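The values are calculated or read from the model by the stated rules, or taken from the named source; none is laboratory data. Since we're looking at a predicted model, the values are computed, not measured. Please note: Cβ atoms are built from the backbone with ideal geometry, for glycine as well, and neighbour counts cover all protein chains shown.
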Amino acid sequence: MPTWLNYHTLNLPSGRSDVAYCGRTKNNQVIYVARTCRKGYCVPGYAVEGNGFFVSNERQPFQTDDFQVLVDANIRWVEYTENHELCVVAFDSISESNRFKIGSFDIEGERYCGMVDNENTCYINFGGEVRFKRVPEFKILIDLRTETEVPDDETTLLLK
């Protein structure tokens with residue numbers, strides 16, 4: 001299972017080399033996979049230079065400097081064509097209906113990540129504006145530590 005650590009405790013970006021990211025900005029800044037908890041639920045999003053960008057459960061964009069980043073993960077972005085059991089979620093200890101998967105798509109030539117809801121739509125806060133795409137126009141993050149086959153172009157056997 002992936003590990004989440006407080007961003008500011010880690011003293012990133014220099015502190016660790018195992019932090020998950022979804023891309024880089026045009027200025028070569030890392031775009032980290034992030035999550036934050038708000039109003040009783042955790043939502044995935046992204047972080048750049050100490051600022052986290054998220055979309056609330058009500059589909060409203062918000063920013064915070066109180067977030068965690070994904071570390072020590074054996075993960076991969078894959079095409080999302082159906083509800084995939086290996087999806088990384090923002091918080092896996094809550095009921096499945098309240099879990100948000102982590103999705104990603106390109107915006108203006110850069111890859112950002114955000115939340116995927118139960119309607120299979122990926123929402124990303126981009127500059128204070130909510131952008132979204134529906135299946136199959138985005139990728140999802142999967143955990144490779146589970147023993148199963150992942151359907152993609154190369155069909156890879158994944159071991160624990």
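If you check Phe100, Phe53, Phe91 for being modelled with pLDDT of 85 or more and either farther than 19 Å from Leu144 by Cα or surrounded by 15 or more Cβ atoms within 10 Å (Cβ to Cβ) (or both), only one passes: Phe53. Applying the criterion of being more than 13 Å from the chain's Cα centre (by Cα) and modelled with pLDDT under 85 to the residues of the stretch 60-85, the residue that is surrounded by the most Cβ atoms within 10 Å (Cβ to Cβ) is Tyr80. Within the stretch 21-53, if we keep just the residues that are closer than 14 Å to Ser104 by Cβ and among the aromatic types (Phe, Trp, Tyr), the residue that is farthest from the chain's Cα centre (by Cα) turns out to be Phe53. Residues of the stretch 18-37 that are basic (Lys, Arg) and surrounded by 14 or more Cβ atoms within 10 Å (Cβ to Cβ): Arg35 alone. A count restricted to the stretch 108-151 and to residues that are surrounded by fewer than 16 Cβ atoms within 10 Å (Cβ to Cβ), part of a strand (DSSP E or B) and either at pLDDT below 90 or among the β-branched types (Val, Ile, Thr) (or both) stands at 3.
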